Structures are given as structure tokens and as C-alpha cells.
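To start, the structure under review is shown below, and the notes come after it.
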Amino acid sequence: MAESFTFYVTEDMEDIRIDKCLIGFLESLSRTYIQKLIGDGQVLVGEKCIKSNYRVKAGDILHISVPEATEPDILPENIPLRILYEDADLLVVNKPKGMVVHPAAGHYSGTLVNALLYYCKDSLSGIGGILRPGIVHRIDKDTTGSLLVCKNDAAHAAIASQLQAHTIKRRYVAIVHGILKEDTGTVNAPVGRDTTDRKRMAVDWKCGKEAITHYHVLKRFPGQGEGYTYVACELETGRTHQIRVHMTSIGHPLLGDTVYAPGRKNKYNLEGQTLHAKILGFVRPSDGAYIETEAPLPEYFEHLLKIL
């Protein structure tokens, strides 16, 4: 069944292309898909069909119909999992670098979900849907470390509540460009979709969602050009790319990050950002006990620290 949406164009949106305007309303849809909907007559201004290059006017009423998505079959795959903790309700896995968490266009095999379907059989929560069974939060493809997986809907709801209340402990470690002057700090800046590049997130004071990252310096490595800093980052919120965006916003993008530090030298031939989800702490749904797991640093990260 198709979903229908109605949006009103305000004065601050005046003269923006309609496909770009709709991205602001429907962040989960790509610009290419929105253009397809427009071409298929699924987007109306008032009662009229328009083209993608139509520029909206204040007072326009936009009607969008999004057809129901057909999701592909996701198959179990015998991919080894590094399990840090497991009980009857959930497990914590140590995700390796380069593994996508859940299937999406172009990645329907080799994902963490494919591995979980094989390992857990029918014991995964269904709240996340066919593409995200058991997945209550995620980390990026090139980020390593701790990820919590729920085996049933009750556990999923309980962990989701803890995430929403910001009571789950999530401590990451990263290596950033430059030497941080202060030993500790907090970045409190809302994060939203970058209006010029949908693959990026950005600090967005107007439309972004609250995002708070606390950091402290573990070690400084001066004397190598701009130098580098080894930092621990603790999330108070969990926005997409939050640490990567926040550290970039204060002038210290992550080493190896091709999205947020494209102009910085990557002389260590890293594949993606140097970021590791090290510590995960949560209240166990079954009995209220506090559980904390620690994912050891991956080999490449240990080697890089020795070099520095």
C-alpha cells in the first residue's frame, strides 16, 4: 500500500527545485528516487504534475505518493562472528572493518544481518523489518567494534528505550588530524543531512537533530606535519556519522575519512576512518543487571598507534 504525504512550502523555501526541496522533507529517499516519483506522476503541486526542475513557491501544497517497497529475500550466510557477549535475549558482536551492518541497494549479501540470520536462526527481533532483523542501532561500514543485537521484540523495545533515554554507554576511540589543545571537551551541535551532498551529514543549526559528543585526549602525536591525536569519544546521542561530523566541525577530522577529510593526506593507506566502538554498556532487559563489554582494537589500529 502506498504512503501519501502532504507538505506546505514556506517563504524560506522559495525558488528551490522541487526534487531538492523534497529531500528536506523525506530524508530517507534519495534525490534520484524522488526524481523517479516526479517522472511517474507521483508528485503533485496542488493538482498538477510537474517536472524535477520546477521551483517551488511559498504557499505551494505538495502531494507525494510513495509506493510500497518490495524487499528482497535476505539469505543466511555462514560468516564468522566475533561475539563479545550473549544471553537468551541479545548479543554483542565485534564488527570487522568493511562489513555493512544491514542489507541495502548494492549490499544484499556479506552483511552482518546475513551472518546473524545464519547464527541465530529464527531468534532475532522483527521490529527492524526484513532488512534489519535484530538491529537496534548501527555503525558505519568502515567503523569497527561493538554492536548490540536483539533476539526478540521485548529486548528490542527495552534497548531502544535505553537508547532514546541516552542511558546506554557508547565509548569510541579514534585518531584525528591535528593536535587537540584541550584535554577534554564537548561538541553540542545539531546534525542533519548535508543539503549539497546526500551522502554526507553536517552540522545544521536550522533543521538538524540534537547531537552531543564528549571527547578526551588519550595521546598526542606531534612532529608529523600537522600531527595527530588519539581520542576517546562518548556519545550522548547517536546521529548518523555523529563523531565524524563533530570532530570535523572543530577542525579535527578522523584520519582516513574519505568523506569528511577528502583533502587530508592518507599516507598510511587506510581504508576508511580510524574509528572503533570500544565500550558498550547497557542494562540487561531480563534482570536489570548492568553489562559492559569491551571490543579489542583491530590489528590495523594497534599497528597504526605503534607507528605514530
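The table that follows gives values for the structure above.
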| quantity | calculated |
| --- | --- |
| Condition met for Lys57 (open to solvent by 40 Å² or more (accessible area, probe 1.4 Å), free of Cβ contacts under 8 Å to residues at least 60 places away in the same chain, of a type in the set (Lys, Arg) and not in a strand (DSSP E or B)) | yes |
| Residue match in region 88-103 (condition: under 30 Å from Val283 (Cβ atoms), more than 22 Å from the chain's Cα centre (by Cα) and in contact (Cβ under 8 Å) with a residue 12 or more places away in the chain) | yes |
| Residues satisfying the stated conditions in region 5-32, i.e. at pLDDT below 85, of a type in the set (Ser, Thr, Tyr) and either outside any helix (DSSP H, G or I) or surrounded by 14 or more Cβ atoms within 10 Å (Cβ to Cβ) (or both) | Ser28, Ser30 |
| Boolean, Ile38 is within 26 Å of Arg239 (Cα to Cα), in a helix (DSSP H, G or I) and either open to solvent by less than 50 Å² (accessible area, probe 1.4 Å) or modelled with pLDDT of 90 or more (or both) | no |
| When residues of region 225-238 are limited to those that are hydroxyl-bearing (Ser, Thr, Tyr) and assigned to a strand (DSSP E or B), the one nearest to Asp142 (Cα to Cα) | Tyr230 |
| The listed residue being buried (at least 17 other Cβ atoms within 10 Å of the Cβ), under 28 Å from Asp19 (Cβ atoms) and touching a residue at least 60 places away in the same chain (Cβ under 8 Å), out of Arg193, Arg198 | Arg193 |
| Which listed residue is open to solvent by less than 30 Å² (accessible area, probe 1.4 Å), in contact with a helix residue (DSSP H, G or I) (Cβ under 7 Å, 6 or more places away or on another chain), touching a residue at least 60 places away in the same chain (Cβ under 8 Å) and farther than 30 Å from Ile307 by Cβ, from Leu148, Leu124 | Leu148 |
| Some residue of region 73-86 being surrounded by fewer than 16 Cβ atoms within 10 Å (Cβ to Cβ) and over 30 Å from Ile291 (Cβ atoms) | yes |
| Residue list for region 217-243, filter: closer than 16 Å to Ile179 by Cα and under 22 Å from the mean Cα position of the chain (by Cα) | Tyr230, Val231, Ala232, Cys233 |
| Residue in region 202-220 that is touching a residue at least 60 places away in the same chain (Cβ under 8 Å) and surrounded by 19 or more Cβ atoms within 10 Å (Cβ to Cβ) present | no |
| Among (1) at pLDDT below 80; (2) more than 25 Å from Met201 (Cβ to Cβ) - the single one Cys49 does not satisfy | (1) |
| Complete set of residues in region 221-232 that are touching a residue at least 40 places away in the same chain (Cβ under 8 Å), at positive phi and open to solvent by 30 Å² or more (accessible area, probe 1.4 Å) | Gly225 |
| Residue pairs meeting the criteria (Cβ under 6 Å; at least 6 apart or on separate chains; first acidic (Asp, Glu), in region 1-20; second open to solvent by less than 70 Å² (accessible area, probe 1.4 Å)) | Glu3/Val66; Glu11/Ala58; Glu14/Ala58; Asp19/Ile34; Asp19/Gln35; Asp19/Ser52 |
| Top-ranked residue of region 239-259 - restricted to ones that are touching a strand residue (DSSP E or B) at 6+ places or on another chain (Cβ under 7 Å) and part of a loop (DSSP other than H, G, I, E, B), ranked as farthest from His166 (Cα to Cα) | Leu255 |
| Options Thr167, Thr229, Thr196, Thr213; residue that is touching a His at 6+ places or on another chain (Cβ under 6 Å) and over 27 Å from Glu68 (Cα atoms) | Thr213 |
| Selection status of Arg132, within 19 Å of the chain's Cα centre (by Cα), basic (Lys, Arg), under 19 Å from Thr237 (Cβ atoms) and open to solvent by 40 Å² or more (accessible area, probe 1.4 Å) | no |
| Odd one out for Arg138 among (1) under 26 Å from Lys97 (Cβ atoms); (2) at pLDDT 95 or above | (2) |
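The values are calculated or read from the model by the stated rules, or taken from the named source; none is laboratory data. Remember, it's a predicted structure, so these values are computed and weren't measured experimentally. FYI the Cβ positions are ideal-geometry reconstructions off the backbone, even for glycines, and counts take in every protein chain you see. All accessible areas refer to the heavy atoms of the entire protein, side chains included, with ligands and DNA or RNA removed. Shrake-Rupley method; radii C 1.70, N 1.55, O 1.52, S 1.80 Å.
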